[in-house]
Amino acid sequence: MGENLPIQNPPLADQVYEIILKGILNGEYPPGNQLPSENQLAEQYQVSRPTIRTAFSRLGELGYVVRKRGVGTFVTNSPKLVNPLYLSFDVEERISSRGYKPGFKQISAQIIPANETLADQLDIPPGSPVLNVHKLFTADEEPIIYFENFIPEWVYKSCLSEDQVLEPGATEPFFQFFAHECKSEIKFLASVIHPAIIKDCELPQDFNVFDPYTSVLAVEDIGYNGENIQVFLSKEYLLKDASYFHVIRHIGTS
């Protein structure tokens, strides 16, 4: 049991979430089975009940467990490759956690001058250097997510050289890249989401294996740091299971 006890950093709730998730994925907690109670897990992992409750909440948001009031928390059937709109994840982790074999290919990376549209979106002067990265993620060797990222030079220039940011995979995991490498953690995204079909999207040849009328979910994100400054622009194209999102809508009352 000692090897599964959480350490002090990162946050305990994240560590407990990972431990329980591992137990779900490896069959320790099969679908339909009830998880140990909050009290039992708090004692087992030597953490507080609120820590366990936070881990349960995250597992529930992602569709791994369902909580039945007065009864307990149960493992669901393995969810599809879905992503709540208000949470951000390492893409390969998301793919592998659903039982698929993840794959990554950086198609290209270059420094480009910002045109007027891009400069306006990122609130930088036209002509400013911008890192432009095209990358593809696969699930069981099938293309499923395509990204085109635009990152202003000011975000990384004090931490990484141009050669370093152009290396394949340098910006992955994406949100960790900003938090740990650039010291500019992403706090929220402003997103535009719309349906499309493959033939209307600028996608690499890898997607030619699909019918041109295959549905695609197109997402355009602008990421902001804690100072409400635009840190990146990302264009994303999601196919098949990756195009499913969970939405939590909070309703205010007067």
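Between a first residue in the stretch 210-230 that is farther than 11 Å from LEU189 by Cβ and a second residue that is open to solvent by less than 30 Å² (accessible area, probe 1.4 Å) and assigned to a loop (DSSP other than H, G, I, E, B), which pairs have beta carbons less than 8 Å apart while being 6 or more apart in sequence or on different chains?
Cβ pairs passing all conditions: PHE210/LEU239; THR214/LEU239; SER215/LEU239; VAL216/CYS201; VAL216/LEU239; LEU217/LEU239; ALA218/CYS201; ASN225/SER184.
Hey, does the stretch 149-162 have a residue that's within 15 Å of the chain's Cα centre (by Cα) and either open to solvent by less than 90 Å² (accessible area, probe 1.4 Å) or in contact (Cβ under 8 Å) with a residue 12 or more places away in the chain (or both)? Give the derivation first.
Of the residues in the stretch 149-162, the ones within 15 Å of the chain's Cα centre (by Cα) are 149.
Imposing the further condition that a residue be either open to solvent by less than 90 Å² (accessible area, probe 1.4 Å) or in contact (Cβ under 8 Å) with a residue 12 or more places away in the chain (or both) reduces the set to 149.
The answer is yes, given that some residue of the stretch 149-162 is within 15 Å of the chain's Cα centre (by Cα) and either open to solvent by less than 90 Å² (accessible area, probe 1.4 Å) or in contact (Cβ under 8 Å) with a residue 12 or more places away in the chain (or both).
Of the residues LEU203, LEU136, only one is closer than 17 Å to LYS105 by Cα, at pLDDT 95 or above, open to solvent by less than 90 Å² (accessible area, probe 1.4 Å) and outside any strand (DSSP E or B); which? Spell out the reasoning first.
Values: LEU136 fails: outside any strand (DSSP E or B).
The conditions single out LEU203.
Take the stretch 41-62 and flag every residue that is hydrophobic (A, V, I, L, M, F, W, C) and modelled with pLDDT under 85.
Residues of the stretch 41-62 that are hydrophobic (A, V, I, L, M, F, W, C), as a first pass: 41-42, 47, 52, 55-56, 59, 62.
Passing the criteria: only LEU62.
Looking at the structure I just gave you, is GLY99 touching a strand residue (DSSP E or B) at 6+ places or on another chain (Cβ under 8 Å) and of a type in the set (Gly, Ala, Ser)?
Details: touching a strand residue (DSSP E or B) at 6+ places or on another chain (Cβ under 8 Å): no; of a type in the set (Gly, Ala, Ser): yes.
For GLY99, the condition - touching a strand residue (DSSP E or B) at 6+ places or on another chain (Cβ under 8 Å) and of a type in the set (Gly, Ala, Ser) - is not met.
Which residues, counting only those in the stretch 161-213, are in contact with a Phe, Trp or Tyr (Cβ under 9 Å, 6 or more places away or on another chain) and aliphatic (A, V, I, L, M)?
Correct list: VAL165, ALA170, ILE186, LEU189, ALA190, ILE193, ALA196, ILE197, ILE198, LEU203.
Taking the stretch 164-200 on its own, how many of its residues are hydrophobic (A, V, I, L, M, F, W, C) and part of a strand (DSSP E or B)? Give the derivation first.
Filtering the stretch 164-200 for residues hydrophobic (A, V, I, L, M, F, W, C) gives 165-166, 170, 174-175, 177-179, 182, 186, 188-190, 192-193, 196-198.
Then keep just the ones that are part of a strand (DSSP E or B); that gives 186, 188-190, 192-193, 196-197.
Residues flagged as hydrophobic (A, V, I, L, M, F, W, C) and part of a strand (DSSP E or B) within the stretch 164-200 amount to 8.
Restricting the search to the stretch 223-243, which residues are farther than 15 Å from VAL91 by Cβ and open to solvent by 10 Å² or more (accessible area, probe 1.4 Å)?
Going through the stretch 223-243, the residues farther than 15 Å from VAL91 by Cβ turn out to be 224-231, 233.
Passing the criteria: TYR224, ASN225, GLY226, GLU227, ASN228, ILE229, GLN230.
Scanning the stretch 25-48 for residues that are under 13 Å from TYR64 (Cα atoms) and hydrophobic (A, V, I, L, M, F, W, C), which turns out surrounded by the fewest Cβ atoms within 10 Å (Cβ to Cβ)?
Restricting to residues being under 13 Å from TYR64 (Cα atoms) and hydrophobic (A, V, I, L, M, F, W, C), the top hit is LEU25.
Which ones in the stretch 171-192 are open to solvent by 30 Å² or more (accessible area, probe 1.4 Å), of a type in the set (A, V, I, L, M, F, W, C) and touching a residue at least 40 places away in the same chain (Cβ under 8 Å)?
Within the stretch 171-192, PHE175, LEU189 meet the criteria.
What are the pairs, 6+ residues apart or on separate chains, where a residue within the stretch 97-114 that is of a type in the set (Ser, Thr, Tyr) has its Cβ under 6 Å from a residue that is open to solvent by less than 40 Å² (accessible area, probe 1.4 Å)?
As it stands, the answer is TYR100/ALA139; SER108/HIS134, since those pairs meet every condition given.
Name the residue, out of VAL133, VAL91, that is touching a residue at least 60 places away in the same chain (Cβ under 8 Å) and closer than 22 Å to LEU189 by Cβ.
On the way: VAL133 fails: touching a residue at least 60 places away in the same chain (Cβ under 8 Å).
Testing whether each residue is touching a residue at least 60 places away in the same chain (Cβ under 8 Å) and closer than 22 Å to LEU189 by Cβ leaves just VAL91.
Hey, among the residues in the stretch 95-122 that are more than 19 Å from GLU148 (Cβ to Cβ) and among the charged types (D, E, K, R), which one's modelled with the highest pLDDT?
The selected residue is LYS101.
Find the residue count for the stretch 117-158, including only residues that are closer than 23 Å to LEU203 by Cα and among the acidic types (Asp, Glu).
Going through the stretch 117-158 one residue at a time, the tally reaches 4.
The values are calculated or read from the model by the stated rules, or taken from the named source; none is laboratory data. Just so it is clear, the structure is predicted and the values come from calculations on it, not from any experiment. Positions of Cβ are generated from backbone atoms using ideal geometry, with glycine treated the same way; all protein chains shown enter the neighbour counts. With ligands, DNA and RNA removed, areas are computed over all heavy atoms of the protein, side chains included. Shrake-Rupley method; radii C 1.70, N 1.55, O 1.52, S 1.80 Å.
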